[in-house]
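Below is one structure, written out as structure tokens, with a few remarks after it.
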Amino acid sequence: MKLKALRAAFPYTIPVLFGYGFLGTAFGISLCSKGYPFYLAILMSVIIFAGSMQFVAVSILTGGLSVLSAFVITLTVNARHLFYGLSMLDKFKCMGRKKLYMIFSLTDETYSLLCSLETPSYINKNWFYFFIALLNQSYWILGTAIGSIAGSVIPFDSTGIDFAMTALFVVIFIEQWESSKNHLSAITGLTVALICLLIFGPDNFIIFSMIGIITVLTFSRCYLEKRIDK
Amino acid sequence: MIGIKESIILITVMAITTFGTRVIPFIIFPSGKKTPEIITYLGKVLPYAIIGMLIIYCLKSISITRNPHGLPEFIAILFVVIVHKWKHNLLLSIGGGTILYMVLIQCIFI
């Protein structure tokens, strides 16, 4: 049963294999180019497991920030995760002990996969979700290991390699756009975030964006609900 | 640059905080109780908006007024969109776009 679920989950995670392989490598290189040992990079990918946060963490570590600043920055960078669970309340309901790992591993990419997937009918849904999350994290750790170990051996100019993250979201955005008939929510996300960036500046706009997005989506509920279920 | 011990402390703080942000919805809306309809609805429509927001998040430090005016990002994203629409190959879109971006900022827009 488990093996079947693993086999069914794997093909869906192939895009993440490439995305995370690349991003994890970028992260590994980025941290180790600052003089940190490879095992710290791997430790971070095992216990933090948050893409953009780990890139920010590089500057938190090199800057030698205080525990309080690290806490506040993590909270602001990851505040969007506060809302990811809302889409997963039902999905994780009957997952028993696996639920804790599912919550821990709810990254942007795992979130968007779990949102868009249909479980094949002959597969145990819970194991299927679990393996999606587990495979994704293993790619992330694998990438980190490659980047941090190779990055400390082969020195090369890695400036700009973190663009992989931007590219991954652009790709997910395109795929979501194509899979949905109504684009109000996607457009809301883009425009509200852009407006908030212009008003509040790069350091504070994410939390205002989340509030703005939730406000707009709440007020357009009647309109959207009619169209989404069709 | 700080020592390994201090780094591990900071990493642990970041790990616990990250888990905290992920677990809070499940604490507020436990599985035993009925989740309010508005939350179920938001859970359904949010993913689309959040990915859009994440794109803007990645581009937040671009300055339009200063040279190179966000041109490398614009060109690389345009490449990703066109190539992905064309081939739907994740490695090609992400790998190609990233390499293009690195070439742009390292060799062309210096």
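FYI, it's all coordinate maths here, none of it is from the lab. Keep in mind that what you see is a predicted model, and the values were worked out from it rather than measured. So basically every Cβ, Gly included, is an ideal-geometry build from the backbone, and we count neighbours across all protein chains shown.
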Point to revise | Distance from region B:46-96 to region A:21-42 (C-alpha centre basis), Å | key: 23
Exercise for review: For every helix of n ≥ 4 consecutive DSSP H residues, a contribution of -39,500 (n - 2.57) applies; sum these over chain B, divide by its total residues, and give [θ] at 222 nm rounded to the nearest 500 deg cm²/dmol.
Suggested key: -24500 deg cm²/dmol
Review point. Taking chain A, how many lysine pairs are there with alpha carbons less than 14 Å apart, if each pair must be eight or more places apart or span two chains?
Key: 10
Exercise for review: Taking each pair of different alpha-carbon atoms in chain B once, compute 1/r for the pair, average those values, and report the inverse of that mean as the Kirkwood hydrodynamic radius in Å to one decimal.
Suggested key: 18.2
**Study point:** Contour excess over end-to-end distance, with Cα ends at B:Thr40 and B:Val103 and 0.36 nm allotted per residue
**Key:** 18.2 nm
Practice item. Could you work out how far the C-alpha centroid of region A:89-125 sits from that of region A:130-182, in angstrom? Key: 20
Revision key, fill the gap. In terms of the charge dipole of region A:2-160, which places +1 on Lys and Arg and -1 on Asp and Glu at the beta carbon, the residue among A:Thr119, A:Ile103, A:Cys32 farthest towards the positive end is A:Thr119
Practice item. Please report, in cubic angstrom per residue, the volume enclosed by the convex hull of the alpha-carbon atoms of the protein assembly as shown. Key: 143
Revision key, fill the gap. The Rg/Rh figure for region B:1-58, Cα atoms and Kirkwood Rh, to two decimals is 1.17
Study note, to complete from the structure: Quick note, region A:2-160: a/c under 1.5 would make it rounded; otherwise a/b > b/c is prolate and the rest oblate (a ≥ b ≥ c, C-alpha gyration tensor); here it is oblate
Point to revise | Nearest-ten-degree value, helix B:37-58 long axis tilted from longest Cα axis of chain B | key: 30
Practice item. Step through the residues of region A:178-190 one at a time and calculate ³J(HN,Hα) from phi using the Karplus curve (6.51 cos²θ - 1.76 cosθ + 1.60, θ = phi - 60°), rounding each to whole Hz and writing x for Gly and Pro. Key: 6, 8, 10, 7, 10, 9, 4, 5, 4, 5, 4, x, 4
Point to revise | Lysine pair count for chain B [Cα-Cα under 30 Å; pairs on different chains or 8 or more apart] | key: 7
Exercise for review: Within region A:48-124, report the trypsin sites (Lys or Arg not before Pro) that DSSP leaves as loop and that have at most 11 other Cβ atoms within 10 Å.
Suggested key: A:Arg97
**Study point:** Integer Hz, Karplus 6.51/-1.76/1.60 couplings in order for region A:75-87, x for Gly and Pro
**Key:** 4, 6, 5, 9, 4, 4, 4, 4, 9, 5, x, 4, 7
Exercise for review: Can you pull the one-decimal nm distance between simple spin-label points at B:Thr65 and A:Ile199, each 7 Å off the Cα toward Cβ?
Suggested key: 2.0
Study note, to complete from the structure: Along region B:90-95, Karplus-curve 3J(HN,Hα) (6.51, -1.76, 1.60; θ = phi - 60°) to the nearest Hz, with x for Gly and Pro, reads 4, 5, 5, 5, 6, x
Exercise for review: Go ahead and run the numbers for FRET between A:Phe10 and B:Leu78, Cβ-Cβ distance against an R0 of 45 Å, rounding to 0.05.
Suggested key: 0.90
